[in-house]
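First comes the structure, then the notes that go with it.
Bear in mind that the values in this text are calculations on the coordinates, not laboratory data. In this text the structure is predicted, and so the values were computed from the model without any measurement. When we count neighbours, we look across all protein chains shown, and the Cβ atoms used for this are built from the backbone with ideal geometry, even at glycine.
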Amino acid sequence: MDIPRVTLPKALDIPQLYLRQPTADVPAYKPMIVPPSDLEPPEEVQKEETKEEQPEPPSLKIPVLDIEMPIPETAVVVTAVTTAVVAVATTSVTQTLFEPIKKKVQKQLQAKVNKWKENQKNKKDLSTESKEQEENLKKNK
């Protein structure tokens with residue numbers, strides 16, 4: 001008996017993967033030392049006397065009026081100027097955006113008002129005409 005033989009190709013050489021164990025980076029910090037709340041200096045130590053004089057705020061002398069006006073700090077001026085610029089820009093932008101919408105709405109409202117006035121006028125005319133016709137009918141009878 002003749003049995004067919006199958007020739008199989010050689011198996012693929014698949015390299016074996018080696019997985020390393022995962023590692024973690026543990027955060028490190030320098031310990032912070034917090035002094036106790038009842039900490040006092042030793043008796044031998046004397047306190048330093050510090051004189052903290054605040055400088056005079058800058059001022060502007062107006063010669064004609066003999067008035068000295070204080071000049072505000074830079075941060076205050078910058079904040080005020082920024083606020084003013086943003087307010088003006090916002091107003092300008094919104095005005096240019098809403099002006100066409102306002103005109104269209106105004107035209108539509110005016111058309112509705114004119115139509116309503118015309119209807120009221122027509123109703124008056126009709127009522128006066130009908131009254132005149134009734135009076136004429138009464139006279140004719």
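So for the stretch 28-141, taking the charge dipole from beta-carbon charges (+1 Lys/Arg, -1 Asp/Glu), which of Leu109, Val85, Leu137 sits furthest toward the positive end?
After comparing all options, I get Leu137.
For a test of understanding, tell me how many lysine pairs in the stretch 1-116 have Cα atoms under 24 Å apart, given they are 8 or more places apart or on different chains. Don't jump to the answer; show the numbers that get you there.
On the way: Lys102/Lys112; Lys102/Lys115; Lys103/Lys112; Lys103/Lys115; Lys104/Lys112; Lys104/Lys115; Lys107/Lys115.
Step by step, the pairs that qualify in the stretch 1-116 add up to 7.
With Kirkwood radius over Cα pairs in Å defined as stated, name the option among (i) 16.1; (ii) 17.0; (iii) 31.1 computed from the structure displayed.
Structure-derived value, by its label: (iii).
Can you compute the helix-only [θ] at 222 nm over the chain? Use -39500 (n - 2.57) per DSSP H run of at least 4 residues, normalise by all residues, nearest 500 deg cm²/dmol.
Values: 1 runs with 67 residues, N = 141.
Taking each H run of at least 4 residues, the total per residue is -18000 deg cm²/dmol.
Pick from Pro42, Pro70, Pro15 the residue whose mean-square fluctuation is largest in a GNM of the chain, springs joining Cα atoms under 10 Å.
Pro15
Around Glu56, what is the net charge, scoring Lys/Arg as +1 and Asp/Glu as -1 over all other residues with Cβ under 15 Å from its Cβ? Walk me through the numbers on the way to the answer.
Numbers: positive: Lys61; negative: Glu52, Glu53, Glu68, Glu73.
Every neighbour counted, the sum reads -3.
Return one number: the angle in degrees, 0 to 90 and rounded to the nearest 10, between the long axis of the Cα atoms of helix 74-140 and the longest principal axis of the Cα atoms of the chain.
It works out to around 30 degrees.
So which residue, out of Leu126, Leu12, Leu97, gets the largest mean-square fluctuation from a GNM of the chain using Cα contacts under 10 Å as springs?
In the Gaussian network model the winner is Leu12.
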